[in-house]
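First comes the structure, then the notes that go with it.
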Amino acid sequence: MKRSGTNPQEASHREGASDPAAERQNWAGNLSFRAVEIQEPGAVEEVQALVKSRARIKALGTRHSFHDIADTPGTHVSLARFREMTLDASRGTVSVGAGVRYGELAVWLHAQGLALKNLASLPHITVAGACATGTHGSGVGNQCLSTEVAAVEFVDGRGEWVRWSREDGERFRGAVVGLGALGVVTRLTLEVVPTFEVAQTVYESLPFAELERHWDDVLAAGYSVSLFTDWRHHQVGQVWVKRKTSGQAELEWMETLWGARRQQVKLHPLPGHSAEHCTEQMGCVGPWHERLPHFRMDFVPSSGAELQTEYLVPRERGMEALLAVERLSEEISPHLRISEIRTVAADELWMSMAYRQDSLAIHFTWQPHGEAVQRLLPQIEASLAPLGARPHWGKLFSAPRNSLTELYPRFKDFLALVRECDPEGKFRNAYIERYLLGEDGSS
Ligand SMILES: Cc1cc2nc3c(=O)[nH]c(=O)nc-3n(C[C@H](O)[C@H](O)[C@H](O)COP(=O)(O)OP(=O)(O)OC[C@H]3O[C@@H](n4cnc5c(N)ncnc54)[C@H](O)[C@@H]3O)c2cc1C
């Protein structure tokens, strides 16, 4: 694989970047990229020249997706050198280069008294890569991270530079969760809010019966709530409650939460893993970016040796969905590390998994049992199909294209936008042909 334009100083702190072999794989190591070269342009004009000169090309983020969404048979473009962060105080926005990761943006914003509304479970991912797949955190009032985007700048398939903002209406809403299919994003403008503090406390062992009885209250027990279960014992093993402190030095935490006990020690969601990898718990107040993600920027998130899958269902039918998955616990358990259940508020972005639907996200962190997981996915999908489950674009799923077209009311409009932005199919890859265009690349 050829590489050019690398900035070693910047590359050195990216996960796996010191190991060229690792760069040919995704983060989980379950996929080897087909790309024949990686280019690291340093300016928009260089991105334009690359797009114009290549038949197939694809932007690559931090490689945290679990399948071939970021792959290409041609050239990978890393935006690692696009690192600028510029505030526009009058508009309440920050513009970030496509190589910026949430972890570094968050520290920089906090130092200036600012924040983002929400974050995913890990801070290691690029803003551009996360927004391209509709990445989300949790909270009944929190939409996916892509909704914080106020403007997107990208190089389209003709090599033209394009800037669309909220004022551009529908096509902007089509472009934000772009699945890497519309172009190479070089910069995003995000809404910011005043910085805030958060404290998180974990509660252990919440019976499913109590969850069902107090459904809305449990999910809204904090600004952001995550439930972890292994689908055994008819219970949630851990309830992670993240609350805004509203200026109070301490929050009062109940000893029990609908039967779940307040933690005595710091916990990792995965049994047997060191809690040192996790952000502070036990009600200890801290800045938003050191509490909203579960995992610390300087440690490997989750387990590292894993696969992931996630489905979003309508929130009001969430308990039905959990019980449907629980019925498969015998099949699931041998391959599961842990499941996480979160909420995502509805939005208007065409390809967002929470498009016009307040959602419950049911996530599976699998052991790296690739074949067994692939065999299990159709079973899980069949049990969730009656609920209109939308698979996470960046995680493993098996749903065929025709089921996806039904799940996304703007699917056809998105395809039209893809063709408009990429008439020659430069950003096409096997994933786009399989799930968006149909196997033959038509529609
Ligand atoms: C440990 C772990 C925890 C995770 N936790 C969460 C979570 O809490 N919530 C959640 O929703 N998801 C989560 N994910 C999934 C993850 O957020 C998504 O897969 C996300 O897209 C990864 O971003 P990335 O920068 O690694 O992008 P990549 O995986 O490198 O790329 C993903 C897509 O974005 C496109 N892309 C990247 N950069 C650009 C660009 N500059 N221009 C145009 N397109 C671009 C790629 O072409 C590709 O289509 C997790 C993944 C892991 C490994």
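Among the residues of this structure, Arg173 counts as one that is among the basic types (Lys, Arg), outside the structural domain of Arg291 (by TED's automatic domain parsing) and more than 16 Å from the ligand (Cβ to nearest atom).
Given the residues Arg91, Arg101, which is the only one that is more than 12 Å from the chain's Cα centre (by Cα), of a type in the set (Lys, Arg) and within 12 Å of the ligand (Cβ to nearest atom)? Result: Arg101 is the single residue among Arg91, Arg101 that is more than 12 Å from the chain's Cα centre (by Cα), of a type in the set (Lys, Arg) and within 12 Å of the ligand (Cβ to nearest atom). Within segment 387-407, being away from the ligand (no atom under 16 Å from the Cβ) and either surrounded by 15 or more Cβ atoms within 10 Å (Cβ to Cβ) or closer than 23 Å to Trp161 by Cβ (or both) holds for Leu387, Gly388, Ser398, Ala399, Arg401, Ser403, Thr405, Leu407. The set of residues from segment 30-66 being more than 9 Å from the ligand (Cβ to nearest atom), assigned to a loop (DSSP other than H, G, I, E, B) and touching a residue at least 12 places away in the same chain (Cβ under 8 Å) comprises Asn30, Leu31, Phe33, Arg34, Ala35, Val36, Glu40, Pro41, Gly42, Arg54, Ala55, Arg56. The residues of segment 100-120 that are in contact (Cβ under 8 Å) with a residue 60 or more places away in the chain, crowded, with 22+ Cβ neighbours inside 10 Å, assigned to a loop (DSSP other than H, G, I, E, B) and in contact with a Ser or Thr (Cβ under 8 Å, 6 or more places away or on another chain), listed by number, are Asn118, Ala120.
Checking the structure you have, find out if any residue of segment 382-393 is of a type outside the set (A, V, I, L, M) and assigned to a helix (DSSP H, G or I). Looking through segment 382-393, at least one residue is of a type outside the set (A, V, I, L, M) and assigned to a helix (DSSP H, G or I). Of all the residues in segment 38-94, those that are over 18 Å from Thr126 (Cα atoms) and hydroxyl-bearing (Ser, Thr, Tyr) number 4.
Scanning segment 291-313 for residues that are in contact with a His (Cβ under 9 Å, 6 or more places away or on another chain) and at pLDDT 95 or above yields Leu307, Gln308, Thr309, Glu310, Tyr311, Leu312.
Please state which of the following conditions Tyr223 fails to meet, knowing it meets all the rest: (1) among the aromatic types (Phe, Trp, Tyr); (2) at positive phi; (3) open to solvent by 40 Å² or more (accessible area, probe 1.4 Å). Looking at each condition in turn, Tyr223 falls short on (2).
Among the residues examined, Trp258 does not qualify as under 21 Å from Arg337 (Cα atoms), in contact (Cβ under 8 Å) with a residue 12 or more places away in the chain, surrounded by 17 or more Cβ atoms within 10 Å (Cβ to Cβ) and of a type in the set (Phe, Trp, Tyr).
The values are calculated or read from the model by the stated rules, or taken from the named source; none is laboratory data. Model, not experiment: these values are computed from the prediction. Backbone-built Cβ (ideal geometry, glycine too); neighbour counts: all protein chains shown. Surface accessibility is based on the protein's heavy atoms, side chains included, excluding ligands, DNA and RNA. Shrake-Rupley method; radii C 1.70, N 1.55, O 1.52, S 1.80 Å.
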